[in-house]
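The values are calculated or read from the model by the stated rules, or taken from the named source; none is laboratory data. This is a predicted model, so every value here is computed, not measured. Please note: Cβ atoms are built from the backbone with ideal geometry, for glycine as well, and neighbour counts cover all protein chains shown. Remember, those area values only see protein heavy atoms, side chains included, never the ligands or the DNA or RNA. Shrake-Rupley method; radii C 1.70, N 1.55, O 1.52, S 1.80 Å.
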Amino acid sequence: MKSAYLVSLSEAFEVDVLQAAAGLGADVRNDVAQLRDDQDRLVTVFGGLGAHDAPDWRAGLSAAPGSGPLPDLSTATAVSIECRWEDLFVSFVGRLAALLPNPSWVVDGDGVVWPAAQVDPSAVRL
């Protein structure tokens, strides 16, 4: 399965993400949210990541082209988002980010950091 991380400096990030996902129509159970689009494609958000998961997404980060300087994510928390389709991933993350009270970023499979509302579906690596 393809995936990327959604990260934020907010202390209530996971709760905010799951609430926002529910607001978008996702089925939320415990620390997992699943949303199907009108083509029956699925996107899944996994919370419950701890500090032990941080090395998976903090190593070797670089800023996305045209996104400005790399934010300091040393204290950020993350959720993992699985999706097979880049267009669905970008659409979902953009709508989700618009509902979040604090800024968030996507860390893709290549360690590229994208502002969550500005992910390029043709360049993001899930």
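Could you count how many residues in segment 59-86 are open to solvent by 10 Å² or more (accessible area, probe 1.4 Å) and under 11 Å from Val43 (Cα atoms)?
Within segment 59-86, residues that are open to solvent by 10 Å² or more (accessible area, probe 1.4 Å) and under 11 Å from Val43 (Cα atoms) number 5.
Return the total of residues in segment 38-80 being farther than 13 Å from Leu6 by Cα and hydroxyl-bearing (Ser, Thr, Tyr).
Result for segment 38-80: 4.
If a residue has to be within 19 Å of Val32 (Cα to Cα) and either in a helix (DSSP H, G or I) or hydrophobic (A, V, I, L, M, F, W, C) (or both) to count, how many in segment 86-104 make the cut?
12
How many of the residues in segment 87-96 are buried (at least 17 other Cβ atoms within 10 Å of the Cβ) and touching a residue at least 60 places away in the same chain (Cβ under 8 Å)?
Final tally of qualifying residues: 4.
In this structure, is Val15 at pLDDT 95 or above and within 18 Å of Cys83 (Cα to Cα)?
no
I want to confirm something. Restricting to segment 114-125 and keeping residues that are among the aliphatic types (A, V, I, L, M) and in contact (Cβ under 8 Å) with a residue 60 or more places away in the chain, which single residue is nearest to Leu6 (Cα to Cα)?
This residue is Ala116.
Which of (1) modelled with pLDDT under 95; (2) surrounded by fewer than 17 Cβ atoms within 10 Å (Cβ to Cβ) is the odd one out, the single condition Pro121 does not satisfy?
Of (1) modelled with pLDDT under 95; (2) surrounded by fewer than 17 Cβ atoms within 10 Å (Cβ to Cβ), only one is false for Pro121: (1).
Of the residues that sit in segment 101-117 and are within 12 Å of the chain's Cα centre (by Cα) and open to solvent by 20 Å² or more (accessible area, probe 1.4 Å), which one is farthest from Ala59 (Cα to Cα)?
Ala117
What is the one condition in (1) assigned to a helix (DSSP H, G or I); (2) modelled with pLDDT of 95 or more that Ala54 does not satisfy?
(2)
Looking at (1) part of a helix (DSSP H, G or I); (2) modelled with pLDDT of 95 or more, which is the only condition Val45 fails?
For Val45, the exception is condition (1).
Please count how many residues of segment 25-58 are open to solvent by less than 50 Å² (accessible area, probe 1.4 Å), within 14 Å of the chain's Cα centre (by Cα) and free of Cβ contacts under 8 Å to residues at least 24 places away in the same chain.
The number of residues fulfilling the criteria is 2.
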